[in-house]
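Please read the structure below before turning to the comments.
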Amino acid sequence: MAIKKFYRCVTYNMNIEEIALKIEILERQNLSKSAEITNYTQSALTSKVKKMEAEIGQEVFKRTPQGLKITNVGTQYLKFLKLMTQEYDEFLQEIGSAQTNSKINFGTSHTTIKIYGASIMNALQINNIPLDVDFTVESSTSLNEKIHNTEADCALTSNPIKHYPDLNYDRIASETFEVISNNSHIINFEEGSPITLLVLSKGCMYTRALVEWLNKNQVPFTMKEIKSVSSILDFLQIDNTIAVLNTKLIDLYNYSNIHYYDLPQLNKIIETVFIYKKNESQQSSIFQLKHVIESLLLEDPIERS
C-alpha cells in the first residue's frame with residue numbers, strides 16, 4: 001500500500017488519543033506497564049494490539065518468553081505515527097501562532113488523575129484550548145494547602161475537611177468508594193483480628209474515612225501505601241488484607257473475584273470539588289480548565305452548595 005493512501009486510511013479512522021495510545025504501546029513493549037500509565041486494562045490493550053495488526057496486515061510484536069518485542073514493521077509503524085503527531089503539532093502551532101498557551105499548575109489526587117487525567121488532556125487537545133497544564137499529584141489535604149499558599153493554581157480532588165476562606169470549593173461530582181478483599185479471603189471484622197489495609201494514598205479522603213471506622217470499631221490494622229492499582233488488586237490475594245478504592249477505579253480495571261463490604265455507619269460517598277482562589281477572574285485560564293472538566297464529568301447539572 002502506498003504511504004499516501006495508507007496515511008489517508010489511518011487518519012480517517014484514528015483520533016489523536018488513539019495515535020498517542022498506539023505510540024505508548026509500541027514504545028514501551030510492555031502491556032502491563034502501559035495499562036498502569038493509560039488506565040486501560042491489559043486485556044483492552046491486547047485487543048488494541050490485535051486491531052492494530054489487523055489494520056496493517058502484519059504483526060507489530062513478536063511474542064517471546066521474555067515478553068513482547070517490536071518487529072521491523074512495528075518500528076516502521078511507530079515512526080509513521082510519530083510523524084503524524086509531529087505534523088499535527090505543527091498544524092496547531094501554525095493556526096494558533098497568535099495564541100500563547102497559559103500555564104496552569106493543576107493539582108489532582110492519585111485516584112483522580114488515574115480516572116480523569118487522560119480525558120482532560122485529550123479534551124484540551126481535541127478542542128485546541130491553549131492551556132499548558134502541569135499536574136501535581138498529592139493528597140486533597142496537601143493540594144488544598146498549596147492553593148491557599150499560592151503554590152498551585154487549582155485542583156480537582158476529594159472535598160477536604162478544612163476549607164480556607166479565600167478559596168472556592170465548587171462541587172463537580174459525587175464519587176463513591178468501596179472496601180474490598182479477595183473472594184477467597186473474606187474478613188469478619190467483628191473478630192478483631194489484625195488486618196492489612198492497602199491504599200493508593202494515606203492522605204486520601206477514602207482512606208481517612210475507613211481509618212476512622214476501623215479505629216472506632218477497634219479493628220487493629222497496618223496501612224500500606226501502594227501507588228499501583230493493579231498491584232493493590234494482586235496483593236488482595238494475601239490473607240487478612242483489604243483495600244479501599246474509588247468505585248470507578250475498580251470498574252476501570254474490571255477485576256474479578258472481589259468481595260465488597262457493606263460496613264455499618266460508613267458513609268462511602270465523597271464529593272469531588274474544583275478548588276481555586278475566590279479572586280479568580282471568570283475569564284481566566286483556570287475557568288477555561290474548569291469548564292472543560294465540567295463538560296467531562298457533569299452529565300446533569302449539580303446544584304452548587
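The values are calculated or read from the model by the stated rules, or taken from the named source; none is laboratory data. Quantities reported herein were computed from a predicted structural model and do not represent experimental measurements. Counting neighbours? That spans all protein chains shown, and the Cβs are built from the backbone with ideal geometry, glycine included. What goes into the accessible areas is simple: the full protein's heavy atoms, side chains included, and nothing from ligands, DNA or RNA. Shrake-Rupley method; radii C 1.70, N 1.55, O 1.52, S 1.80 Å.
Points to keep in mind about this one:
- Put simply, the amide H of L198, placed in the peptide plane, has neighbours under 5 Å in K224, I242, A243, V244, leaving out anything fewer than 5 places away on its chain.
- Two tests apply to each whole DSSP H helix in the chain, Cα reach of 20 Å or more along its axis and mean Kyte-Doolittle hydropathy of at least -0.5, and the ones passing both are 42-56, 72-95, 110-126.
- Residues in the stretch 23-45 reached by a label modelled at T64 [backbone nitrogen below 19 Å; 7 Å Cα→Cβ]: 25-34
- Each part reduced to its alpha carbon centroid, the stretch 34-70 and the stretch 182-248 end up 33 Å apart.
- Near S256: Cβ cut-off under 15 Å, other residues only, Lys/Arg at +1 and Asp/Glu at -1. The net charge is -3.
- Cβ-based net charge around N240, under 13 Å, with every Lys or Arg adding one and every Asp or Glu removing one: -1
- Overall form of the stretch 234-279 per C-alpha gyration tensor (a/c, 1.5; a/b vs b/c): prolate
- Solvent exposure of the stretch 40-157 amounts to 54 Å² per residue of accessible area, where only protein heavy atoms count and the probe is 1.4 Å.
- ³J(HN,Hα) computed for each position of the stretch 59-64 - Karplus, 6.51 cos²θ - 1.76 cosθ + 1.60, integer Hz, glycine/proline x: 6, 9, 10, 9, 8, 10
- If you run the Gaussian network model on the chain, springs between alpha carbon atoms under 10 Å, then out of P130, P194, P160 the most flexible one is P194.
- The dipole here belongs to the chain: it is taken about the Cα centre, uses +1 on the Cβ of Lys and Arg and -1 on the Cβ of Asp and Glu, and is about 860 debye.
- Most to least packed among 29-39, 61-71 [average Cβ atoms within 10 Å]: 29-39, 61-71
- Here the accessible area of the stretch 142-201 is 42 percent carbon and sulfur, with a 1.4 angstrom probe and all protein chains present.
- Taking amide hydrogens as placed 1.01 Å from N in the peptide plane, the amide H of L167 sits under 5 Å from those of K278, each at least 5 positions away in sequence or on another chain.
- Most simply put, the chain has about 60% antiparallel DSSP beta bridges, counting only bridges with both residues inside it.
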